[in-house]
Each structure stands twice: as structure tokens, then as C-alpha cells.
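The values are calculated or read from the model by the stated rules, or taken from the named source; none is laboratory data. Everything numeric in this text was worked out from a predicted model, so none of it was measured. Cβ placement follows ideal geometry from the backbone for every residue including glycine, while neighbour counts extend to all protein chains displayed.
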Amino acid sequence: MFIEETSESSVSRFVEIPAGGSPTAGWLALFSNGNAPVCVMLTGGVAIHALSLRIVATVLPSAVAQIGGLRFFAWATTVAVVSAIWGAAIAAPLAKARGLRHAYRLSLALFAVGSIACAAAPSMAVFLTGRVFQGWGGGLLLALAYTTIQRAFPHALRTRAMVLVPAIWGVGALLGPLLGGILAQWGLWRWAFWIDLPVIAIVWILAECSLPRRGEPKPIGTVSRARTAGGRLALLGAAVLAVATGGVSGGALSSGIGLAAGAALLIALLRMEQHPDAGVSRFRLLPTGAYRVDNVLGAASLAMALMMGGTTAIIYLPYVAMEIGGYSPISGGYLSAIASMAWTATAFASASAGPRSAAGSMIFGPVVVALGLFLTGCGLIAGSFVFMALSVVLVGGGIGAAWAPLGNLMMAHAKEAEGDVSSAFISTNQMIAQAFASALAGMIANLGGFADPMQGGGGVVRGVTWLFLSFALLAAIALPAAVISVRLSAVPQPDAIPIDDLKQLSTSAA
């Protein structure tokens, strides 16, 4: 049965309690006692977004060939990323003000509108508009998955529940390129968007049936919150758009300028969010202490951002495999998908480990990610694609080992009134890191000769090699942040649940 809890922030929460009265930590507990519809709903929402990203990347050349707009090719991803960050950032305030059911309705409706616009697009302008709506709805769905986990499951089950999210990304990495390739080959690229609609309908029905109908908070101060939201979302969007625009331009100088401008705007947003005024306490896009190493949540979020940023280098591997190695597009696509599949496998393993192993996983993850990136660079130098594939497994495995424990740590040590914000920030943090790292990757690769036609294939390999070696250092910086988060988690934090309580709860449940 669902038990509602009301916190000081008047946020209605529901957790699934077995008949015996104590939560269980086994995998079956995620799908027993009425939990199954919630699990299927949140994973279905993530699947809509994950599959869409992989399929669109595969069918986009066919779409451009029919409707035109080749010069806006990269913007099909750029506008979706920016709007997805907006969606992820607004998820927690929306769930707090209107409840999870309404938030899911809005996110699914936005994605449906975007899918219809893309499927029926007569021009690139309409297609890009649809991608904006798809990104907005997809970002909401991804962040709401973590918010649902934070509200719906007891602490002993959250790490396991969080593994469901990367598991769906692994499935998307496996099936997306194959499905998109088949549709593109048959000339049915528009069906890559029409097939979203039945999945949206199923998730909508599950949300209506599984989420509570009563006890959710009513919106208070809607006008003031809307003004605060507008300003902060505009600042966040401008930061990411500045980085994305610099990265799309392709020049090292413009990428550097965009990266610096985006960083300045993000710092301004962080300072605004940390200012102790009433408006911020009623509405937040980021949790208190985000990216600061003097608290558990900040250190954990910084470690996650640095690791995720390091993995961005992998997007260059398919191009190297096809242009230099002579591999097929599907083979090149699966070279980058290996990381997602390794992430999924190790995420299940880390979630099944005991509480004592959680701290080790959080420290072990950055080391393995950095090692994998370094070895991938060595594989590029040696010209061995088999060696590169094995090294990419390490990259995905390292981030999979640390991701769920770090995310659980963030939720456990957030202020009580910011539970929804901290859970949604897991996905917002991931998207921000990817946006900034993409611009940095373009700058490093181009400085190494990646886009210089005079250097040919040698310039491509050299530029991507420098990228992987540089990002190995970026991932290595995540290690001290992870160590700090583990050490600080042993100290009781105000307005938070200490990690020791989680260990006792997990131990007793096991």
C-alpha cells in the first residue's frame, strides 16, 4: 500500500511498504507489492527519450536529404539538448507545485507534440521546432524518473531503482541504431517519430494508474515562482546555448569563447541560487551546495559531472572508425554504444554490492574511467580498433560503478525541503556536463588537427588522440571529489539522512 509522508516543505511523498512493515532491498522488491507499475512507468519515460536520441542520430541524414536544411544538421541535436536541460531543470519545481501526475502529463504531451511535428515536418524549420518540444519533454521525463525514485522508494531500494535508468540507456544504445538504420534504409524515417506515440500512451496510462491521486501539494505563489523560473531558466539556457553555439561553429577560438561565456553564465546562476532569499527557497533549479566540495552533495555532483564530461570524447569514435578504419555506420555506432552497455552491466553489479562496497565503487569509478580514456587514446595511436573497443568498456564500466551510489548519496544528503530538486539535478547535472564537455572536446580535437583538411586522416587521428588523453585528466580530477564526498558522508549533515543510517537500513533489509 502507498503511505504518504508530508515533509516541512509540504511535499507529499509515497513509499511502498511491504506487509511486514520494513522495506526490502532485493531486486524483486522493485516489482512487488504494487511497485511494478511505477518501475515500468519511469523506465518507459526514460526509454522514450533514450531511444529517440539514438534513432534520430541514425535517421537524420535521411530526413535532411528529403526536407533540406543541411546547414542546420547539427542544430537538430543542439536545440534538443538545450530544451532538455530546461525540462530537467523545471521538473522538480513542477512536481512540487503540481504533483508528479501533472508533471508526467505535461512531459508526455510535450514529447507527443514534438514527435508529431518531426514526423509531419515539411521543412527543417518545423523539424527543429519539433526537436525543441521533444527535448523539453524528454528532459522532463528523465528528471522525473529520479524524482519518482526519490519519492516512491525507501532508501534501501533507491540505488537499485536508479540502476533502471542506465539500464534503459543501455537498451537504447543497443536497439536505437539498429531500428533507426532499418527505418532509414526502407525510406521510412518519419516512422522513427510516429512510433513514439503508442509508447507515450502506455506510459501515460501507467502514470494515471500508479501515481497517487490525493495528498499532492497545491501551487502557492504561482506568479512569483513563474517569474523566478523564467529568469533562472533563461540564464541556464543562455549558458548552455553559448557553449553549444561555440561548439557547433567548429573553430577552436569560437569554441573557447562559447565555453568561457557559458561558464560565466553558469557561475552567475550558481551564485544567484545560493543567495538566501525567500524567492529562492520557494523555487530552486539547483540544490544547495551544488558543485561545491565543502559538502557531500556538491562533491558528489562535481565527481559525476567530471566523469560524464570525460565520456563525451567517445562520440568521435564512430567517425574515426568509418573514415579511417573503413567500418560500416552500424559498426561505428556500436563502437560508441559499447560504453552504454558496459555502464548498464556494472551498474547492476554495483547496486547488488553491500553498503561497504558503495564507498569503494564511488572511488573506483573515476579511476577506471580515466584509465579507459587513456587506453583508448593509446589504441588510437596503435591503430587497433579492438583495443579501443575494450578500453571503451572500461570507460562505461567505471561510470556505471559509481553513478548510482553517487546519485543516492546526493539524494540522501540533500536538504529535506530540496529532495525533489536534488533528485532532478542528477539528470540536469549530466546534461550540463555533456554540453560543456562537447564544446571543450571540439576545441581540443580541432587544435589537434581534427578538422584540418590539409592534414587528412593523420590529423583526424591525432586530434582525437589528444582529446582522449586530455579527457583522461578531466576524469581523473573526479577522483578527489569522489573521495571528499565519501569522507564527508561519514559526518552527519544537517537536515539530511547520514550515510550510516542507509548502511544500517540496507544491512537490516538484507
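Listing for the model above:
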| item | result |
| --- | --- |
| Residue tally, condition in a helix (DSSP H, G or I) and farther than 16 Å from Leu42 by Cβ, over segment 103-123 | 10 |
| Any pair with Cβ under 7 angstrom, 6 or more apart, that starts in segment 388-413 at a residue that is assigned to a helix (DSSP H, G or I) and ends at one that is charged (D, E, K, R) | Asn408/Arg158; Met411/Arg158 |
| Pairs where the first residue, in segment 449-476, is among the polar types (S, T, N, Q) and the second is part of a helix (DSSP H, G or I), C-beta under 7 Å, 6+ apart | Thr465/Gly377; Thr465/Leu380; Thr465/Ile381; Ser470/Ile444 |
| Candidates Gly463, Gly419, Gly442, Gly396, filtered to the one that is closer than 27 Å to Leu142 by Cβ and modelled with pLDDT of 85 or more | Gly396 |
| Residues (surrounded by fewer than 24 Cβ atoms within 10 Å (Cβ to Cβ) and among the hydroxyl-bearing types (Ser, Thr, Tyr)) located in segment 75-111 | Thr77, Thr78 |
| Verdict on Phe127 being closer than 17 Å to Ile200 by Cα, crowded, with 18+ Cβ neighbours inside 10 Å and either among the aromatic types (Phe, Trp, Tyr) or at pLDDT 90 or above (or both) | no |
| Condition met for Ala414 (crowded, with 24+ Cβ neighbours inside 10 Å and over 23 Å from Lys96 (Cα atoms)) | no |
| Only listed residue being at pLDDT 80 or above and either over 16 Å from Tyr146 (Cα atoms) or in contact with a Pro (Cβ under 7 Å, 6 or more places away or on another chain) (or both), chosen from Ala63, Ala25 | Ala63 |
| Qualifying residue in segment 470-488 (condition: more than 24 Å from Gly246 (Cβ to Cβ), among the polar types (S, T, N, Q) and at pLDDT 85 or above) | yes |
| Residue in segment 145-188 that is nearest to Gly99 (Cα to Cα), counting only those that are at pLDDT below 80 and of a type in the set (Lys, Arg) | Arg158 |
| Residue match in segment 446-453 (condition: touching a helix residue (DSSP H, G or I) at 6+ places or on another chain (Cβ under 7 Å), aromatic (Phe, Trp, Tyr) and assigned to a helix (DSSP H, G or I)) | no |
| Matching residues, segment 295-329, being over 20 Å from Met431 (Cβ atoms), modelled with pLDDT of 90 or more and of a type outside the set (A, V, I, L, M) | Asn295 |
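Per-residue answers, yes or no, for (1) closer than 30 Å to Ala239 by Cβ; (2) modelled with pLDDT under 90; (3) surrounded by fewer than 24 Cβ atoms within 10 Å (Cβ to Cβ); (4) in the same structural domain as Val82 (by TED's automatic domain parsing):
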| position | (1), (2), (3), (4) |
| --- | --- |
| Gly365 | yes, no, no, no |
| Leu380 | no, no, no, no |
| Phe385 | no, yes, yes, no |
| Gly400 | yes, yes, no, no |
| Pro405 | yes, yes, no, no |
| Ile426 | yes, yes, no, no |
| Ile432 | yes, yes, no, no |
| Phe450 | yes, yes, no, no |
